[in-house]
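Q: To start, I am sharing the structure in question, which I have written as structure tokens.
The values are calculated or read from the model by the stated rules, or taken from the named source; none is laboratory data. Just so we're clear, the structure is a prediction, and the values are computed from it rather than from any experiment. Using ideal geometry, Cβ is built from the backbone for each residue, glycine included, and neighbour counts are taken over all protein chains shown.
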């Protein structure tokens, strides 16, 4: 089930946004800017995360990033955009929904991986420091000239000082933006190299840039090409066209099964983020028939009759009995019908069929077990939620369920510790320490949970569980 979670912070990082972000009918050319104190609205969904990770896996390998621990994060934003911050690669739900083929998204991922592999973010920081220094020096020179003009009674010299300061800031900005445009071109070329190495077409990248070019034309905006952080779309298309044409994989298309999963993903995002009408419009354009049925089942679950949704989902399961996400949807519907035992069975099936061992599905299974409410079911729920957290420690919502389950069993110390962990991984260290101290009063000194609580109190870094 697609869930919106608490925003996560990219404090101390830099946004590296795509060339054009479409906001309704408007088009904004974006510049890399400090993202301190900015928070990103995150989407969590086992199916979508698994698919995007599958898109990225061969690209990571081609870019020598397979063992680098890069985390892909889905952002709840309707614009076509992606960016990197540290070892995190952010991609908007708008990009996933607007991209008609997997190849388009794979091209976006290849471009962002090129930024990571090339160390562009670190070098951008260095360029920013250099640009700031240039602007400061220019400002000091300008201030000096203005002081000299004032003390010497020279009005012209004072005016010139203001000009020096303004010109210095302008020059620093242009130097920085020129550097960023150069890195974007480098990332585009590296992306094509990764696509060739993995036997995939670059046509998806070209289609993306053509989309940007069309959006920019329709906006009627007049853009100074020297005042933006990315090359103009037509320039990028021109630079990449010959590389794509030379590739032996230019005409290679995505496998039908992958396209089907892509269509299912688009339907799910549309129905959850923009409603039933958006999904219907999206699926008019020759989407896979099973994806259309999947979207219809999701819409019926969210906006229609749950019993009817259950029948439609059972039909999907008959078509693909080993699809874990059909069983997950079945569990969601059964929870809505207040049938937690049957929901638990459906989620258990989804967990058993999940090829990527997502941390989200065991938590859903645990929620259903909690709804059953018996002591045995609660103990099983705790086990499942802890399995989920062992795979995904930053799932802050899961800690709330874990705390609730421990509380229902009367294990208050463990409930307080789970609450502390939830605050800790959400970045609220003050409340994390408060609940960790409360937990310690109820836990045996020296035992693993007590030590974990002490870790939260005494440091800002998570202790690795053995």
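Q: Consider residue 399 carefully, then state whether it is farther than 20 Å from residue 352 by Cα and at pLDDT below 95.
A: Considered against the rule, which asks whether it is farther than 20 Å from residue 352 by Cα and at pLDDT below 95, residue 399 comes out as no.
Q: Something else: Any idea which of (1) touching a strand residue (DSSP E or B) at 6+ places or on another chain (Cβ under 8 Å); (2) closer than 24 Å to residue 359 by Cα; (3) modelled with pLDDT of 85 or more is the one residue 80 doesn't satisfy?
A: Going through the list (1) touching a strand residue (DSSP E or B) at 6+ places or on another chain (Cβ under 8 Å); (2) closer than 24 Å to residue 359 by Cα; (3) modelled with pLDDT of 85 or more, residue 80 breaks only (2).
Q: Of all residues in the stretch 178-202, how many are buried (at least 21 other Cβ atoms within 10 Å of the Cβ) and modelled with pLDDT of 90 or more?
A: Result for the stretch 178-202: 7.
Q: Ok, one more. If I filter the stretch 57-77 down to residues being touching a residue at least 40 places away in the same chain (Cβ under 8 Å) and not in a loop (DSSP other than H, G, I, E, B), which single residue comes out as farthest from residue 191 (Cα to Cα)?
A: Once the filter is applied, the top-ranked residue is 73.
Q: Which condition does residue 373 not pass, out of (1) modelled with pLDDT of 95 or more; (2) over 22 Å from the mean Cα position of the chain (by Cα); (3) surrounded by fewer than 20 Cβ atoms within 10 Å (Cβ to Cβ); (4) at negative phi, if it passes all the others?
A: (4)
Q: Moving on to the next point. Out of curiosity, is residue 442 assigned by TED's automatic domain parsing to the domain that holds residue 358, farther than 27 Å from residue 43 by Cβ, assigned to a loop (DSSP other than H, G, I, E, B) and modelled with pLDDT of 95 or more?
A: So residue 442 passes the test.
Q: Another question, if that's okay. Looking at (1) within 30 Å of residue 362 (Cβ to Cβ); (2) at pLDDT below 50; (3) not in a loop (DSSP other than H, G, I, E, B), find the lone condition where residue 6 falls short.
A: Only one criterion in (1) within 30 Å of residue 362 (Cβ to Cβ); (2) at pLDDT below 50; (3) not in a loop (DSSP other than H, G, I, E, B) is unmet by residue 6, namely (3).
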